[in-house]
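Okay, structure first, notes after.
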Amino acid sequence: MSESKNSPLRLEIVREPGSEGLPLPSYATPGAAGLDLYAAILEGEEIVLEPGKRALVTTGLRIAVPLGYEAQIRARSGLAIKHGIGLVNAPGTIDSDYRGVVQVILINWGDSPFTIRRGDRIAQMVLSSVASAVLVECAELSGTERGEGGFGSTGVRDSSIP
């Protein structure tokens, strides 16, 4: 199997006042899919996220996602498993025409308060291509093996597993 390397996507980024000194989003490892996003809370301040509560946390950054792409904001797995921290609207989407500040809606699904401080890695951003659709109204849809089977219709266990 041959390995192909995608050329990096150009992503313009602007720092808002208050985000100076924080790292720009970055890949933690060469194989990482997501860029880590950092909390741009003011120096010396913190957000205490109580269990069951949510908070809008700014990254202090604005980005210009190229047309034909989106930036997906996703939870960090370490925060999720260790502290129960996730995103209310996971994944969040930043559209190519949005130019406002990137903010993350964090929620504490854990059982202990969680403190967020300036520079904490709070989420990750994955750039993904998107397709535009042309809607075609029809009298009926083409058939499939599944048909109209909805939630749980394919079962929980594969019948071939003893």
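Selection of first residues in segment 32-50 that are more than 17 Å from residue 79 (Cα to Cα) and modelled with pLDDT of 95 or more and of second residues that are not aliphatic (A, V, I, L, M) and not in a loop (DSSP other than H, G, I, E, B), restricted to Cβ pairs under 7 Å at least 6 apart or on distinct chains, gives the following pairs, ordered by first then second residue: 40/58; 40/59; 40/60; 41/117. Residues in segment 19-34 that are touching a strand residue (DSSP E or B) at 6+ places or on another chain (Cβ under 7 Å), in a loop (DSSP other than H, G, I, E, B) and among the hydroxyl-bearing types (Ser, Thr, Tyr): 19 alone.
Within segment 78-90, restricting attention to residues that are surrounded by fewer than 17 Cβ atoms within 10 Å (Cβ to Cβ) and farther than 10 Å from residue 114 by Cβ, the residue that is modelled with the lowest pLDDT is 90. For residue 142, indicate whether it is within 26 Å of the chain's Cα centre (by Cα), of a type in the set (Ser, Thr, Tyr) and exposed (fewer than 10 other Cβ atoms within 10 Å of the Cβ). Taking the combined requirement at face value, the residue does not satisfy it.
Just for segment 60-70: of the residues that are without any contact (Cβ under 8 Å) to a residue 60 or more places away in the chain and assigned to a strand (DSSP E or B), which one is farthest from residue 18 (Cα to Cα)? Checked segment 60-70; the qualifying residue farthest from residue 18 (Cα to Cα) is 64.
Give the residue, chosen from 96, 128, that is surrounded by 10 or more Cβ atoms within 10 Å (Cβ to Cβ) and in contact (Cβ under 8 Å) with a residue 40 or more places away in the chain. Working first, answer last.
Working: 96 fails: in contact (Cβ under 8 Å) with a residue 40 or more places away in the chain.
From the options 96, 128, the qualifying one is 128.
Candidates in segment 6-18 are the residues that are at pLDDT 95 or above and part of a loop (DSSP other than H, G, I, E, B); of these, the one that is nearest to the chain's Cα centre (by Cα) is 11. The criterion of at least 3 residues that are aliphatic (A, V, I, L, M) is met by the following strands (runs of 3 or more DSSP E) wholly inside segment 71-162: 101-108, 121-129. Only a single item in (1) at pLDDT below 95; (2) surrounded by 13 or more Cβ atoms within 10 Å (Cβ to Cβ); (3) not hydroxyl-bearing (Ser, Thr, Tyr) is not met by residue 3, and it is number (2).
The values are calculated or read from the model by the stated rules, or taken from the named source; none is laboratory data. Not measured: the values here are computed from a predicted model. Cβ sites come from the backbone with ideal geometry, for glycine too, and all protein chains shown count toward neighbours.
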